[in-house]
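*Asks:* Quick one: the structure is below, and I'll ask about it shortly.
The values are calculated or read from the model by the stated rules, or taken from the named source; none is laboratory data. What you see is a predicted model; the values in this text were computed from it and never measured. Cβ atoms come from the backbone with ideal geometry, glycine included; neighbour counts cover every protein chain shown. Heads up: the accessible areas ignore ligands, DNA and RNA and are worked out on the full protein's heavy atoms, side chains in. Shrake-Rupley method; radii C 1.70, N 1.55, O 1.52, S 1.80 Å.
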Amino acid sequence: MKNFKSKYLAAFIITSSLALAGCSDDDEKEMVEMPDPEPVNVSYEVTITNLTNAQPLSPVAIVLHDTGTLWAIGEPASTALETMAEGGDNSELLALDIVKASVSGSSPLGSGATEMLTVTIEDQTDAMLSLATMLVNTNDGFTGLSNIDLSGLSVGDTWSAYTSVYDAGTESNSEAQGTIPGPADEGTGFEMARDDVDFVSMHSGVVSKDDGLTTSVLTQAHRFDNPATYIMIKRTE
């Protein structure tokens, strides 16, 4: 009888030990899933001032991107840039694959006028900013910024620059009637065919009828000197 009790007690102890070993603190605690962190907005306030005398600017296109470029001196213009530089339509630039965030001006920007636009991207402080707008009383002249590095800007910091005028190189600068979309002519804008040097360069300016180009629809009022615009970028969040 004594041996039976000893064996029974030993079996009970072993069984209880195994049962306790099968339990863990993890089983007794409920798993708590941590929520994903809320995205952080990074915003830039971009102010552009038209410094020209009689060159309205097409609706400004502002994009944030981390690869690629909107244009490069000496390189052929993309169809998106050509469309904007010849006719003022920025929709194709805003839709480029490289674009992470964008904003467009709501209307043309007149001489001496200023517009402020805000562009916002999530969780990225090293995006580059590019900006483009057409001088609408030209054949294919435009101005803007290309690949501006914003990684050094903290909230409240500003960066500013004056911009020069570029020639898309896609349409001859004939200044002829019917070829300029601005109020000086109200002619045709974008045309697929290219009849110029086919690379982006600095613009040499207009040669108006007041300068002896009798077939031009432009006057000396449409001349422009660099810079064409003043741009200030402020990081606001």
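*Asks:* Could you list, in sequence order, the residues of the stretch 45-77 that are within 27 Å of Arg223 (Cβ to Cβ) and of a type in the set (S, T, N, Q)?
*Replies:* Of everything in the stretch 45-77, those that are within 27 Å of Arg223 (Cβ to Cβ) and of a type in the set (S, T, N, Q) turn out to be Thr47, Thr49, Asn50, Thr52, Asn53, Gln55, Ser58.
*Asks:* To continue, here is another question. Hey, can you tell me all the residues within the stretch 212-222 that are open to solvent by less than 50 Å² (accessible area, probe 1.4 Å) and among the polar types (S, T, N, Q)?
*Replies:* Ser216, Thr219
*Asks:* Now a separate question. When you go through (1) without any contact (Cβ under 8 Å) to a residue 40 or more places away in the chain; (2) under 25 Å from Thr52 (Cα atoms) one by one for Val99, which number turns out not to apply?
*Replies:* Here Val99 clears every test but (2).
Yes/no per residue for (1) in a strand (DSSP E or B); (2) open to solvent by 80 Å² or more (accessible area, probe 1.4 Å):
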| position | (1), (2) |
| --- | --- |
| Glu38 | no, yes |
| Glu45 | yes, no |
| Gln55 | no, no |
| Ile62 | yes, no |
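*Asks:* Filter the stretch 53-71 for residues that are farther than 22 Å from Val42 by Cα and of a type in the set (A, V, I, L, M, F, W, C) and give the result.
*Replies:* Of everything in the stretch 53-71, those that are farther than 22 Å from Val42 by Cα and of a type in the set (A, V, I, L, M, F, W, C) turn out to be Ala54, Leu57, Trp71.
*Asks:* From the list Asp185, Asp196, Asp225, pick out the single residue that is surrounded by 19 or more Cβ atoms within 10 Å (Cβ to Cβ), assigned to a loop (DSSP other than H, G, I, E, B) and not basic (Lys, Arg).
*Replies:* Selected residue: Asp185, the only one of Asp185, Asp196, Asp225 that is surrounded by 19 or more Cβ atoms within 10 Å (Cβ to Cβ), assigned to a loop (DSSP other than H, G, I, E, B) and not basic (Lys, Arg).
*Asks:* When the stretch 65-122 is examined, which residues are found to be part of a strand (DSSP E or B) and open to solvent by less than 50 Å² (accessible area, probe 1.4 Å)?
*Replies:* Passing the criteria: His65, Val99, Ala101, Val103, Ser104, Leu109, Glu115, Leu117, Val119, Ile121.
*Asks:* Oh, and also: Is it the case that Asp157 is among the acidic types (Asp, Glu), touching a helix residue (DSSP H, G or I) at 6+ places or on another chain (Cβ under 9 Å), within 21 Å of Ile48 (Cα to Cα) and touching a residue at least 40 places away in the same chain (Cβ under 8 Å)?
*Replies:* In short, no.
*Asks:* Next up: Out of Thr236, Thr215, report the one residue that is more than 20 Å from Phe142 (Cβ to Cβ), modelled with pLDDT of 95 or more and over 28 Å from the mean Cα position of the chain (by Cα).
*Replies:* Thr215
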